[in-house]
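Down below is the structure, laid out as structure tokens.
The values are calculated or read from the model by the stated rules, or taken from the named source; none is laboratory data. All figures in this text were calculated on a predicted structure; none of them were measured in a lab. Cβ placement follows ideal geometry from the backbone for every residue including glycine, while neighbour counts extend to all protein chains displayed.
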Amino acid sequence: MSLLEARRVRKVFGGGLWHRSQVVALEDFSIAFDEASPSFIAVVGESGSGKTTLARLLLGLLQPTSGDVCYRGTSLRLLHRQGRRRFLQEVQAVFQDPYEVYNPFYKVDHVLELPIRNFRLAGDRRTARALMEQALVEVGLRVEETLGRYPHQLSGGQRQRLMIARALLLRPKVLIADEPVSMVDASLRATILGSLLSLHREHGVSVLYITHDLTTAYQVSHDIVVLYRGVVVEAGRVESVVREPAHPYTRLLVGSIPLPRPDRPWLGERALGQPAGLRPVGPRFCKFVDRCPFALPICQEESPPLFQLSPDRAVACFLYREQPVVTNDDLTVVLRNRAGTGAEAPN
Amino acid sequence: MRPILEVKDLTVYYHTPAGPVRAVEGVTFSVHPQEWFGIVGESGSGKSTVALALLRLIKPPGRIERGQIVLDGRDLLAFDEEDMRNYRLAQIALVAQGAMNSLNPVKRVRDHFLLALRDHGVQLGEQEYDRIIATLLKRVGLRPEVAHLYPHELSGGMKQRVCIALAISLEPKVLVADEPTSALDVVVQWQVMETLRAVQREIGAAVILIGHDMGLIAQTVDRIAVMYAGRLVEVGPTREILTEPLHPYTRALIASLPSLDGRGELRGIAGLPPSLLNPPAGCAFHPRCPVAIDRCRMERPLLREVRPRRWVACHLVENGGTT
């Protein structure tokens, strides 16, 4: 049984009497996190790709329109008190903006004291203090520079690392990090991602790293899921997806990264070429058809299933229609093929 | 070639009850006609303050303490407010950080252009205005119909293009772009930068591109200036800065960038940027510098030309550029 699992979740916003236009934020998404084999998965997409919707669904902050999110086999909607408590402890989140989560009137100690009290992690003050100090050291914060201060006295990077320390305190099994470094400077970004990586390697925590930034995803994660307008377009081992992107959209994404290298020109859309000019006909179509230079007539009237390129690689594109089809549930299987080596250090 | 813009000893302080915040201190550089010049720095390095100062848009409690901003032979800091207002947009224009959010939500795109043009004494008939606005929109790759839309009807990338079109409406000689693409998706970022490139070629302006994204800046500009704690620490041609950074901060900054080569190579810069209220004595980078010597703690290094076109402010860099 998986620790946390999304089974064919679909989320539609709008509709109903007053909002007639519907937006499908996430389409048939499945993913699983196992306790025995922790994973480090990046979910990459641009704005509107559904990546934040995915985070909120997995955390139980949103209800799926169809499909289900299960914690230890039980749907989040059906969790009872005990189970819900355990879920809140074992599945933690780190969000984009490290300002919003702090109450400016409390010292930062409060964010660490609260979970210790709520989950009765310590019997007395001394143990509580020791736990707090340990968590801070683990994310590379100096105790004397952190405790006893107010949120505004810490830098953005310190605040974000404090949030990771807080998550750590609860010894979670899964950490959902939604754009944890997008508001942090380059020199600190590396430090924070390093904290996430050691959390995974040293404490066996599964991490879902949600980001728009392909380069950092490449740096820290083992597997990657590329989302485009709510649909998984490509998934698999991060090295092969980023180095040899199969889906035209992934190719566009990789080509759009400005690298600080004079020998690697910034090609952007030139990496891909001119769109073929095909438009969708009917309700089902590939979401990328209007921008795709390789679009085929079938892309206008069918949405491509995931085709299996190799045991650990799948792509939703008719260019690969000779390959066997995998069902969306099997996306989990594709990623799981890597999970056994999840705690390995990347080379 | 004579520089189109010469900035000399530019110094800007923000006066707070706790004392002056030395946001920009003794910044000197020059930009040639049609050149792309990049200023890269992290948050709090003073790069946006430089952008505002170049257009004399610093507001109290900030103040330009000293220096010169010589544009095409005339010192902007010697102008009175009225002359400066005429010079802005016409001679030097700004695409500000988050410019797309500065569009007035209750005014159509067309009205934004009318305001800018009329404000600078361009008096024309309605049809003439429409023709000019259509040309400007075309330059940034937008259809003429966009003129009749409200900002909320445009995507982020389109809004940013409108802002670029506004900035070039009077064909300035220098265009300052402060983080023109932050908050946009990577693909759109590339599109907006392509637009900026095309526009620059057409009007022949020099561009000062300011930002934190070393990759984006490096892919776009001819020369890079690296800013740290309110000062320039290194200036040089882009390729040279990337392949052979001389200042320890530049080296650390480039090393901290995630690449698509080796995985798991995350090297942050230890420590935090200094407070500009109480900057450290000597070199501002010395508390974080892996190779600092005693002299760095006491004596502030000056920006010197260590080899042709390479300027570095570091005691450890000898003439000729060896450490």
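Of all residues in the range A:49-92, count the ones that are crowded, with 17+ Cβ neighbours inside 10 Å, touching a strand residue (DSSP E or B) at 6+ places or on another chain (Cβ under 8 Å) and part of a helix (DSSP H, G or I).
10
Could you list, in sequence order, the residues of the range A:272-303 that are of a type in the set (S, T, N, Q) and closer than 16 Å to A:G255 by Cα?
Let us first name the residues in the range A:272-303 that are of a type in the set (S, T, N, Q), namely A:274, A:300, A:303.
If the condition is that a residue be of a type in the set (S, T, N, Q) and closer than 16 Å to A:G255 by Cα, then A:Q274 is the only one that fits.
Could you identify the single residue in A:G204, A:G194 that is farther than 19 Å from B:R263 by Cα and either surrounded by 22 or more Cβ atoms within 10 Å (Cβ to Cβ) or at pLDDT 85 or above (or both)? Before you say what the answer is, go through the steps one by one.
Details: A:G194 fails: farther than 19 Å from B:R263 by Cα.
Residue meeting the stated conditions: A:G204.
Where the second residue is outside any helix (DSSP H, G or I) and hydroxyl-bearing (S, T, Y) and the first is under 18 Å from B:A51 (Cα atoms) and lies in the range B:76-91, which pairs have Cβ atoms under 8 Å and are six or more apart or on separate chains?
Matching pairs, first to second residue: B:L89/B:S169.
Residue by residue through the range A:178-201, note down the ones that are of a type in the set (D, E, K, R), assigned to a helix (DSSP H, G or I) and either within 9 Å of chain B (Cβ to nearest Cβ) or without any contact (Cβ under 8 Å) to a residue 24 or more places away in the chain (or both).
Going through the range A:178-201, the residues of a type in the set (D, E, K, R) turn out to be A:178-179, A:185, A:189, A:201.
Okay, now just the ones that are also assigned to a helix (DSSP H, G or I), so A:189, A:201.
Once the filter is applied, which keeps residues that are of a type in the set (D, E, K, R), assigned to a helix (DSSP H, G or I) and either within 9 Å of chain B (Cβ to nearest Cβ) or without any contact (Cβ under 8 Å) to a residue 24 or more places away in the chain (or both), the range A:178-201 yields only A:R189.
Could you run through the range B:244-266 and say how many residues are among the aliphatic types (A, V, I, L, M) and assigned to a helix (DSSP H, G or I)? Spell out how you get there, then give the answer.
Looking only at the range B:244-266, we keep the residues that are among the aliphatic types (A, V, I, L, M), and these are B:246, B:252-255, B:257, B:260, B:266.
Now restrict to residues that are assigned to a helix (DSSP H, G or I): B:252-255.
Total meeting the criteria: 4.
Among the residues of the range A:93-132, which ones are among the aromatic types (F, W, Y) and outside any loop (DSSP other than H, G, I, E, B)?
Of everything in the range A:93-132, nothing turns out to be among the aromatic types (F, W, Y) and outside any loop (DSSP other than H, G, I, E, B).
Pick out, from the range B:158-243, the helices (runs of 4 or more DSSP H) lying fully within it that include 1 or more residues that are among the basic types (K, R) and over 15 Å from the mean Cα position of the chain (by Cα). Quick ask: steps written out before the conclusion?
On the way: elements: B:186-203, B:214-220, B:238-243.
It comes to B:186-203, B:238-243.
Report those helices (runs of 4 or more DSSP H) wholly inside the range A:207-293 carrying at least 2 residues which are among the hydroxyl-bearing types (S, T, Y) and within 14 Å of chain B (Cβ to nearest Cβ).
Values: elements: A:214-220, A:238-243, A:248-255.
Because the criterion is at least 2 residues that are among the hydroxyl-bearing types (S, T, Y) and within 14 Å of chain B (Cβ to nearest Cβ), the helices (runs of 4 or more DSSP H) in the range A:207-293 that meet it are A:214-220, A:248-255.
Could you please tell me which pairs satisfy a Cβ distance under 9 Å, a separation of 6+ or placement on different chains, a first residue in the range B:143-167 that is hydroxyl-bearing (S, T, Y), and a second residue that is assigned to a helix (DSSP H, G or I)?
Qualifying pairs under 9 Å: B:Y150/B:V109; B:S155/B:V188.
Name, by its number, the condition in (1) buried (at least 18 other Cβ atoms within 10 Å of the Cβ); (2) assigned to a loop (DSSP other than H, G, I, E, B); (3) on the phi < 0 side of the Ramachandran plot that does not hold for B:V306.
The number of the failed condition is (2).
Farther than 20 Å from A:F294 by Cβ, in contact with a strand residue (DSSP E or B) (Cβ under 9 Å, 6 or more places away or on another chain) and buried (at least 23 other Cβ atoms within 10 Å of the Cβ): which single residue out of A:Y218, A:Y249 fits that description?
On the way: A:Y249 fails: farther than 20 Å from A:F294 by Cβ.
Only one candidate passes the filter, namely A:Y218.
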